[in-house]
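Notes follow once the structure below has been shown.
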């Protein structure tokens, strides 16, 4: 870890102190000038897919097709999540021409967790940290050369990350 | 101005590995507070990375991404000193943008 | 885990206890006041021993709430439960004054 | 024990027998030795864990449950690539540097301006005859400079101690018990607190962290008592945020269904003194992250 002696800009005062719901208020002004990067990414946020309670429905809405399992996808997730609030999950694949990667957790209240668009020149490897409400399969979907592939692994969760 | 975004972008040969941590509650809307009321959903919906004006990675997120979210990816074509622009926007319309140097 | 059965025994004891403590007669406000005072005194003694239990506090709160609603049967039962719990915590603290040494790594 | 009426007596007798049943197994392993040299005790404490976990390197006990469980260790190492306490650490660095209203700084209250000193806390202060933890020292510094004390369980205290721990990473705990009966008494009191069973569950700190480290209690893998404070303060996924030593002790008490003491109560400070002393020689690893 070098954060304390590297980029001085990193030590700037934080607006986002803690999880306070009003913590983001200071950013309202920025929100006015919609981020250009987001504008440049012209694909629309798949809002309906993110609302789905059923994994098959979510995949259908997102891709309009079903996936076939592939052994060219390496899904890395723990056997037992130390806490469902933070489950490190990563994927890499040797499939060519990958255009998107999505993570689905069928036992979560909203099954679609994340959808990553992979432009040309970006490697088909993603690591992220997801919440899991309870023990569930985790399915990763890889869209490659116009086809849809998947890999699945079970993660045991004893302390859920969704509360309630 | 202060930033909620932390980025480590390290070039190694032709590949640049990017790790990002964002300070955000990522409230799912499924958790109750001490009073038993549901804390309203408040989560980042889109996170985008741009190198030389070209998007290199776009994340669409739902409620199941962990608090203070982390993501790692890698892309080709950047060299040390290049700018990497990072932006996010959440379901309440709040947002943040910051630019980092590839190291 | 060698020590978990202890916890289970205690929790089981509690369940049994609340079951056997059901009251057959109708209690009055005076009954409640007496039962509550006894429980409160015991809990304060546990406090001087720095060993109060969360369940005792919860039972005391229950007793008060039930009394406010005029449900003195429940209030007395909860106060008696609180007293028994407070006494158990006092017993625990008193016996631990010496017994803790048995666990020490030497 | 005096009882008001027959029903009360029945209940108490039942409780007595239950409690006795709970206590007896422990009572049978009594050791008669009355050798109470703290240095010797610390060695015995360390040897106990080294023997119990022969595959764990001594310094690694500073990493808590991650020293004992491979699957969890991988998740932890992944998280350490960009640890969740990083925002708190940065905020701590800023808070630490920010001058008080009188122009003085936290740095003025500490040796070496507060950098790389975390391993020397807690200290026994002969003047006030009490154990001074790092958290207490920070608030004493504030108050000496006309500032209000901050919450021992809050984010700012966690951030400040995170920063001070970070500048001390790798430095071995170096806790001193001065040749003073009061210092020795504080250590003994901390030890007593550590081994004393409490709460409705009838657990002591040692029940979980001496007898059962590495085991799962519900979902959590219990950390060994040796080195358990080296990683403080910690980001706990369960909390979704940072917590100080004070916060950790309080939650431990609640988890065994006991009413917690107030933060920085004498018993808690003495407990911290004892636990830090027996970890002498093990490196500071804080701030840490835990499930």
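Exactly one condition in (1) part of a loop (DSSP other than H, G, I, E, B); (2) within 7 Å of another protein chain (Cβ to nearest Cβ); (3) buried (at least 18 other Cβ atoms within 10 Å of the Cβ) is not met by residue A:133; state its number. Failing condition for residue A:133: (2).
The one condition from (1) touching a strand residue (DSSP E or B) at 6+ places or on another chain (Cβ under 7 Å); (2) assigned to a strand (DSSP E or B) that residue B:11 does not meet is (1). The set of residues in the stretch D:133-163 that are under 24 Å from residue D:235 (Cα atoms) and either in a loop (DSSP other than H, G, I, E, B) or without any contact (Cβ under 8 Å) to a residue 12 or more places away in the chain (or both) comprises D:133, D:149, D:150, D:151, D:152, D:153, D:154. Each residue in the stretch A:101-111 was checked for being surrounded by 18 or more Cβ atoms within 10 Å (Cβ to Cβ) and within 9 Å of another protein chain (Cβ to nearest Cβ), and 6 of them qualify. In a residue-by-residue description of the stretch C:38-45, the property of being within 7 Å of chain D (Cβ to nearest Cβ) and either closer than 27 Å to residue D:263 by Cβ or at pLDDT 95 or above (or both) applies to at least one position. Looking across B:9, B:41, one residue alone is more than 7 Å from chain A (Cβ to nearest Cβ) and free of Cβ contacts under 8 Å to residues at least 60 places away in the same chain. It is B:41. For residue B:93, the conditions (1) in contact with a helix residue (DSSP H, G or I) (Cβ under 6 Å, 6 or more places away or on another chain); (2) outside any loop (DSSP other than H, G, I, E, B) all hold with the exception of (2). In the set D:258, D:227, only one residue is more than 26 Å from residue D:184 (Cβ to Cβ) and buried (at least 22 other Cβ atoms within 10 Å of the Cβ); that residue is D:258. Here the condition is being more than 7 Å from every other protein chain (Cβ to nearest Cβ) and part of a strand (DSSP E or B); of B:17, B:46, it holds for B:17 alone. Taken together, the residues in the stretch C:36-64 that are in contact with a helix residue (DSSP H, G or I) (Cβ under 8 Å, 6 or more places away or on another chain) and in a helix (DSSP H, G or I) amount to 17. Within the stretch B:76-92, the set of residues being within 22 Å of residue A:130 (Cα to Cα) and at the interface with chain A (Cβ under 7 Å from one of its Cβ atoms) comprises B:87, B:89.
Every test in (1) facing chain A (nearest Cβ under 8 Å); (2) crowded, with 21+ Cβ neighbours inside 10 Å is passed by residue B:32 save one, and that test is (2). Hey, among the residues in the stretch D:31-70 that are more than 15 Å from residue D:276 (Cα to Cα) and touching a strand residue (DSSP E or B) at 6+ places or on another chain (Cβ under 9 Å), which one's modelled with the highest pLDDT? This residue is D:66.
Residues that are assigned to a loop (DSSP other than H, G, I, E, B) and either over 20 Å from residue A:104 (Cβ atoms) or in contact (Cβ under 8 Å) with a residue 24 or more places away in the chain (or both) within the stretch B:49-75 comprise B:52, B:53, B:63, B:64, B:66, B:67, B:68, B:69, listed in sequence order. If the condition is being outside any loop (DSSP other than H, G, I, E, B), more than 12 Å from every other protein chain (Cβ to nearest Cβ) and farther than 25 Å from residue B:31 by Cβ, then the stretch A:51-99 contributes A:56, A:59, A:60, A:61, A:63, A:68, A:69, A:73, A:74, A:75, A:93. When each of A:106, A:119 is tested for being under 16 Å from residue B:57 (Cα atoms) and assigned to a loop (DSSP other than H, G, I, E, B), the lone residue that passes is A:119. Which condition from (1) within 16 Å of residue D:197 (Cα to Cα); (2) buried (at least 18 other Cβ atoms within 10 Å of the Cβ) is the one that residue C:97 breaks? Just one mismatch for residue C:97, condition (2).
The values are calculated or read from the model by the stated rules, or taken from the named source; none is laboratory data. Please read all numbers here as calculations on a predicted model, not as lab measurements. Quick reminder, even Gly has a Cβ in these numbers, built from the backbone with ideal geometry, and neighbours come from all protein chains shown.
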